[in-house]
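Colleague: Below is the structure I would like to discuss, written out as structure tokens.
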There are 2 protein chains.
Amino acid sequence: MTRTQAIVLAGRPQGGPVQPSHFASREIDLPELADGQVRVAVTHLALDPFVRGLMDERRTSADAMGGFSAAMAIGDVIRGEGVGRIVASRAPALREGDMVVGHFGWTDQAVADAARLHAVCADVDPSWHLAGLGISGQTAYFGLDAATPQAGETVLVSSAAGAIGSLVGQIARLRGLDAVGLAGGTEKGRWLVAERGFAAALDYRGKDRQALAAELAALRPNGVNIFFDNVGGTVLDAGMASMAARGRIIICGTISQYDRMDAEELAPRWNRRVLSLGLSIKGFNVFDAQSERERFEAEMRQWLVNGDIRQDIHQVKGFAAAPAALIALLAGELRGKVVVAL
Amino acid sequence: MTRTQAIVLAGRPQGGPVQPSHFASREIDLPELADGQVRVAVTHLALDPFVRGLMDERRTSADAMGGFSAAMAIGDVIRGEGVGRIVASRAPALREGDMVVGHFGWTDQAVADAARLHAVCADVDPSWHLAGLGISGQTAYFGLDAATPQAGETVLVSSAAGAIGSLVGQIARLRGLDAVGLAGGTEKGRWLVAERGFAAALDYRGKDRQALAAELAALRPNGVNIFFDNVGGTVLDAGMASMAARGRIIICGTISQYDRMDAEELAPRWNRRVLSLGLSIKGFNVFDAQSERERFEAEMRQWLVNGDIRQDIHQVKGFAAAPAALIALLAGELRGKVVVAL
């Protein structure tokens, strides 16, 4: 029996911000390895805003998606993607010392099915597998694909300075699209245009839906063809008001709404606009979009190695720093992908 | 120069119900035929609820879809699909006396491009081309296709006793789906189940969103895979609350909202549900979905001839009856497709 240190869900935010008290450090017992399994010592852990959504007790059938998208129970290890070194193996294809990436959770060591792990490329920094090559990169890549982007179209990206948003804009530019970013603060906007290839950026802070929609209309009078939304709330409403005919909206995140449990939250009705403009809206779940992972890895790796796409990795040290870093990430205080080095 | 009698838009409802005063009868001059054009004497005219949406002055970019979906100007002939007999032709493939179907509008005679007309089948009642084989049939057929229906799935249809809804349910049944109808009144529901192959039906009248959602949850505890919505408003909200994971929502009509100009109308936020359940939503425009018209005509015609699908045609006599019939249709007082015989 192997014991390991883990961080588990100790309480639920239920309509408020995440607090350190919602996390607890705990020793857990790992199961014995079965055939086809390995034990991994985690070296790097990715922090993801989507974990926030799994911390609430769901009142709907949302858990129907299952797997990594299901709500966590109290006492569950906090979910997350990580990189680790194999320390014991009963899988023929993997040996002690091999570096792998997988969904290990916030834990020093984990037992995993070899079939669900991916090899770390020997020639790149392991943390790339948690940024451009990890969930964030896959979400940006497959999420934009889901909108069937065409060269010359305009894509609007919210939370554009975030780990996913910045990659969406860069991939869109490489595919010949015009990328417009929404980010909190003018400094982030300047950085997106100067350093990350966005054609334009707007600061959404302190603006209501109408004001933001008016700025978007002035910036792109012909409207937006693709809206990749990570934010929800008034940002989504302003983007919806800016769509061109036959536009596609990818719902990828709802970070502005995470701390609301209010099922009765109201917003402008959207269905007339969807009908009259022939819009489509998709809820994008990266765990449902893994069928072309090899294409993704080949293309994205090349972009990263060539410097065509730049990833932003904010590294923090040590397991104990993870809860505070997640809280800062959710508050919009950090830029790029937050990775904990163990 | 040929003069003809037509009904034109004389006023806009702008936030209220359609009134007879919004229509005017007028003599209009038809242009001389150009090469490739024909003149048609209209024999049957279809009334469509979607015309209601074109009667308002749009305050958005909704006209971007263009063509038959664009708002009408004051003085425009009211738009509509019709069947007619060719009375003059400068198109090689069409001769005087041929029966054709096209978008002639509310007019005794019309000039049309031959390339935009379709031949009437000699062996079916011409009014079929305005019902099961017309826009209503195409909308039901291609709209359901757009939701990628799978045998065994449940499809929820609103305005299920309407010209489109009743066809959606019947096509769904033929494709092996479980069709649940929402209709106003228990009598329509009984008819849908007894006569039109729906597995179940609910009366939505007098129920708020929560009450209707609770009834749907009791009726189909595993949720709805496809929601084909013709209604909007609280019916849409209740359907959204009833979706199963990876469900598809087709926005086909907004009849409950037609008389509202209020851009600020509020509704429950939908994006968290779309994301957590991996839903997709499409605004369906039949004029954008004509690429497989031959497949549609072959399959639907066979279904109609075999009696596998039954169409409901409510015929009214004479041009002058059209405005009152449209008003009754919009008020939910008529069942099935309303066709004016000239």
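Colleague: Set the Förster radius R0 to 22 Å, insert the Cβ-Cβ distance between residue B:324 and residue B:76 as r into 1/(1 + (r/R0)^6), and round the FRET efficiency to 0.05. Present the calculation step by step, with values, prior to reporting the outcome.
Modeller: Details: r = 20 Å, r/R0 = 0.90.
Efficiency for this residue pair is about 0.65.
Colleague: For the interface of B with A, what's the total buried accessible surface in square angstrom, probe 1.4 angstrom, rounded to the nearest hundred? Mind dumping the intermediate values first?
Modeller: Numbers: alone 15290 and 15290 Å², together 26640 Å².
About 3900 Å² of accessible surface is lost on pairing.
Colleague: Let me ask you something else. Return the whole-Å distance between the Cα centroid of region A:181-255 and the Cα centroid of region A:84-116.
Modeller: Taking the Cα centre of region A:84-116 as reference, the centre of region A:181-255 is 40 Å away.
Colleague: Rank A:102, A:224, A:170 by how far each Cα sits towards the positive end of the charge dipole of the protein assembly as shown (+1 on Lys, Arg Cβ; -1 on Asp, Glu Cβ) and give me just the farthest.
Modeller: The one lying farthest along the dipole's positive direction is A:224.
Colleague: Evaluate 2.2 N^0.38 Å with N set to the residue count of region A:185-269, then give the Cα radius of gyration divided by it.
Modeller: Numbers: Rg = 13.4 Å, N = 85, 2.2 N^0.38 = 11.9 Å.
Ratio of Rg to 2.2 N^0.38 Å for region A:185-269: 1.12.
Colleague: Under the definition of partner shielding as Cβ atoms of other protein chains within 10 Å of a residue Cβ, what is the mean value for peptide A:234-246?
Modeller: Working: counts 0, 0, 3, 2, 0, 0, 1, 3, 1, 3, 2, 10, 5.
Across the residues of A:234-246, the mean count of other-chain Cβ atoms within 10 Å is 2.
Colleague: Quick check: Cα centre of region B:259-331 to Cα centre of region A:278-342, how many Å?
Modeller: 41
Colleague: Apply the Kirkwood formula to region A:63-210: the hydrodynamic radius equals the inverse of the mean of 1/r over all pairs of different alpha-carbon atoms; give it in Å with one decimal. If you can, show how the numbers build up before the last one.
Modeller: Details: mean 1/r = 0.0566 Å⁻¹.
The answer is 17.7 Å.
Colleague: Under 5 Å between amide hydrogens, which residues at least 5 positions from residue B:267 or on another chain qualify, with H placed 1.01 Å from N in the peptide plane?
Modeller: It is A:267, A:269, by chain and number.
Colleague: Right, another one. Select from A:73, A:298, A:244 the residue whose mean-square fluctuation is largest in a Gaussian network model of chain A (Cα-Cα springs shorter than 10 Å).
Modeller: Of A:73, A:298, A:244, the most mobile in the Gaussian network model is A:298.
Colleague: May I pose another question? Taking the Cα centre of region A:105-207 as origin, sum charge times position over the Cβ atoms of Lys and Arg (+1) and Asp and Glu (-1), and report the length of that vector in debye to the nearest 20.
Modeller: Working: 8 positive and 10 negative charges, 76 e Å.
It works out to roughly 360 debye.
Colleague: As I understand it, the dipole of chain B uses +1 on the Cβ of Lys and Arg and -1 on the Cβ of Asp and Glu, about the Cα centre. Which of B:111, B:249, B:316 lies farthest toward its positive end?
Modeller: The Cα lying farthest towards the positive end belongs to B:249.
Colleague: Then there is this: Express as a percent, rounded to the nearest 5, the fraction of DSSP beta bridges in chain B (both residues included) that run antiparallel.
Modeller: On the way: 32 of 59 bridges.
About 55 percent, rounded to the nearest 5.
Colleague: Got a number for the accessible area of residue A:188? Probe 1.4 Å, square angstrom, nearest 10.
Modeller: 40
Colleague: Within a 10 angstrom radius of each residue's Cβ in B:277-290, how many Cβ atoms of other chains show up on average? Whole number is fine. Provide the component values of the computation, followed by the final result.
Modeller: Details: counts 9, 12, 4, 7, 10, 8, 15, 4, 6, 0, 1, 3, 1, 0.
The mean count of partner-chain Cβ atoms within 10 Å per residue comes to 6.
Colleague: Going by a ≥ b ≥ c, the root eigenvalues of the Cα gyration tensor, does region A:254-298 fall in the rounded group (a/c under 1.5), the prolate group (a/b larger than b/c) or the oblate group? Display every interim value, and only then the final one.
Modeller: Details: a/c = 4.05, a/b = 1.51, b/c = 2.68.
Oblate, since a/c reaches 1.5 and b/c is not below a/b.
Colleague: In debye, nearest 20, what is the charge dipole magnitude of region B:187-342 about its Cα centre with +1 on Lys and Arg Cβ and -1 on Asp and Glu Cβ, if you could check?
Modeller: Working: 21 positive and 19 negative charges, 70 e Å.
Computed charge dipole of region B:187-342: roughly 340 debye.
Colleague: Taking a 1.4 Å probe, which of A:198, B:287 shows the most accessible area, and what order do the others take after it?
Modeller: Working: A:198 5, B:287 60 Å².
The residues order as B:287, A:198, largest area first.
Colleague: Expressed in nm², what is the orientationally averaged projection area of the convex hull enclosing the Cα positions of region B:1-127? Can you show the working numbers first?
Modeller: Values: hull surface 33.6 nm².
Dividing the Cα hull surface by four gives the mean projection, 8.4 nm².
Colleague: Same structure, new question: Rg to Rh for region A:128-278: what is it, with Cα atoms only and Rh by Kirkwood?
Modeller: Values: Rg = 14.4 Å, Rh = 15.3 Å.
For region A:128-278, the value is 0.94.
Colleague: Ignoring ligands, DNA and RNA, what percent of the 1.4 Å accessible area of region B:86-173 is carbon and sulfur?
Modeller: 48
Colleague: Label region B:259-342 by shape, choosing from rounded, prolate and oblate, from the square roots a ≥ b ≥ c of the eigenvalues of the Cα gyration tensor; if a/c is under 1.5 it is rounded, and otherwise prolate applies when a/b is larger than b/c, oblate when it is not.
Modeller: Working: a/c = 2.55, a/b = 1.28, b/c = 1.99.
Because a/c hits 1.5 or more and a/b fails to exceed b/c, region B:259-342 counts as oblate.
Colleague: Taking only Cα atoms and a 10 Å spring cutoff, compute GNM fluctuations for chain A and point out the largest among A:295, A:39, A:90.
Modeller: Comparing A:295, A:39, A:90 in the GNM, the peak value goes to A:295.
Colleague: Follow-up. Which cross-chain or sequence-distant (5 or more) residues have an amide H under 5 Å from the amide H of residue A:227, H modelled 1.01 Å from N in plane?
Modeller: So residue A:227 has HN proximity to A:156, A:248, A:249, A:250.
Colleague: Along the Cα→Cβ direction, 7 angstrom out, place labels at residue B:315 and residue B:151. What is the inter-label distance in nm?
Modeller: According to this spin-label approximation, the distance is 3.8 nm.
Colleague: Across bins of 10 angstrom width beginning at 0, how are the C-alpha pair distances of region B:203-319 distributed, in whole percent?
Modeller: 11, 31, 32, 22, 4, 0
Colleague: For the pair residue A:292 and residue B:205, how long in nm is the line joining their label points, each one 7 Å along Cα→Cβ?
Modeller: Result for the modelled spin labels: 5.0 nm.
Colleague: Please state the shape class of region A:223-288: rounded when a/c is under 1.5, otherwise prolate if a/b exceeds b/c and oblate if not, all from the C-alpha gyration tensor. Could you put the intermediate results ahead of the total?
Modeller: On the way: a/c = 1.95, a/b = 1.34, b/c = 1.46.
Because a/c hits 1.5 or more and a/b fails to exceed b/c, region A:223-288 counts as oblate.
Colleague: Can you list the distances in nanometres, one decimal and ascending, from the residue A:295 label point to the identical position in each other copy, with the point 7 Å along Cα to Cβ?
Modeller: In nanometres, ordered from closest: 2.1.
Colleague: Okay, moving on. Which residues' amide hydrogens lie under 5 Å from the amide hydrogen of residue A:109, considering only partners 5 or more residues apart or on another chain, with H built in the peptide plane?
Modeller: It is A:5, A:42, by chain and number.
Colleague: Let me ask another. For chain B, compute Rg over Rh where Rg is the Cα radius of gyration and Rh is the Kirkwood radius from the inverse mean 1/r over Cα pairs.
Modeller: Working: Rg = 20.2 Å, Rh = 20.7 Å.
Here the Rg-to-Rh quotient is 0.97.
Colleague: Moving on. Report the calculated FRET efficiency for residue A:259 and residue B:115 (r = Cβ-Cβ distance, R0 = 51 Å), to the nearest 0.05. Let's see the in-between values first.
Modeller: On the way: r = 57 Å, r/R0 = 1.11.
Computed FRET efficiency for residue A:259 and residue B:115: 0.35.
Colleague: Then there is this: Report for the protein assembly as shown the percent antiparallel among DSSP-assigned beta bridges with both residues inside it, nearest 5.
Modeller: Details: 70 of 124 bridges.
The answer is about 55 percent antiparallel.
Colleague: If you place +1 on the Cβ of every Lys and Arg, -1 on the Cβ of every Asp and Glu, and leave all else neutral, what size is the dipole of chain B about its Cα centre, to the nearest 20 Debye? Display every interim value, and only then the final one.
Modeller: Numbers: 35 positive and 38 negative charges, 133 e Å.
Result for chain B is approximately 640 debye, rounded to the nearest 20.
Colleague: By what distance, in whole Å, do the Cα atoms of region B:81-131 stretch along each of the three principal axes, largest value first?
Modeller: Sorted from largest, the Cα extents of region B:81-131 read 28, 24, 17 Å.
Colleague: Further question on the same structure: If we hang a label 7 Å off Cα along the beta carbon direction at residue A:29, how far is it from the matching labels on the other copies, in nm, shortest first?
Modeller: 9.6
Colleague: Find the Rg to Rh ratio for the protein assembly as shown, where Rh is the Kirkwood radius over alpha-carbon pairs and Rg uses the same atoms. Mind dumping the intermediate values first?
Modeller: On the way: Rg = 28.4 Å, Rh = 27.4 Å.
Answer for the protein assembly as shown: 1.04.
Colleague: Continuing with this model, one more query. Top to bottom by accessible area (1.4 Å), largest first, where do A:47, A:275 land? Don't jump to the answer; show the numbers that get you there.
Modeller: Working: A:47 0, A:275 30 Å².
I get A:275, A:47, largest accessible area first.
Colleague: Per-residue ellipticity at 222 nm for chain B, helices alone: DSSP H runs ≥ 4 residues times -39500 (n - 2.57), over residue total, nearest 500 deg cm²/dmol?
Modeller: Working: 9 runs with 87 residues, N = 342.
It comes out at -7500 deg cm²/dmol, rounded to the nearest 500.
The values are calculated or read from the model by the stated rules, or taken from the named source; none is laboratory data. The structure presented is a predicted model; accordingly, all values stated were derived computationally and were not measured. As a convention, Cβ positions derive from the backbone with ideal geometry for all residues, glycine included, and neighbour counts pool all protein chains shown. Calculation scope for accessible area: heavy atoms of the full protein, side chains included, ligands and nucleic acids excluded. Shrake-Rupley method; radii C 1.70, N 1.55, O 1.52, S 1.80 Å.
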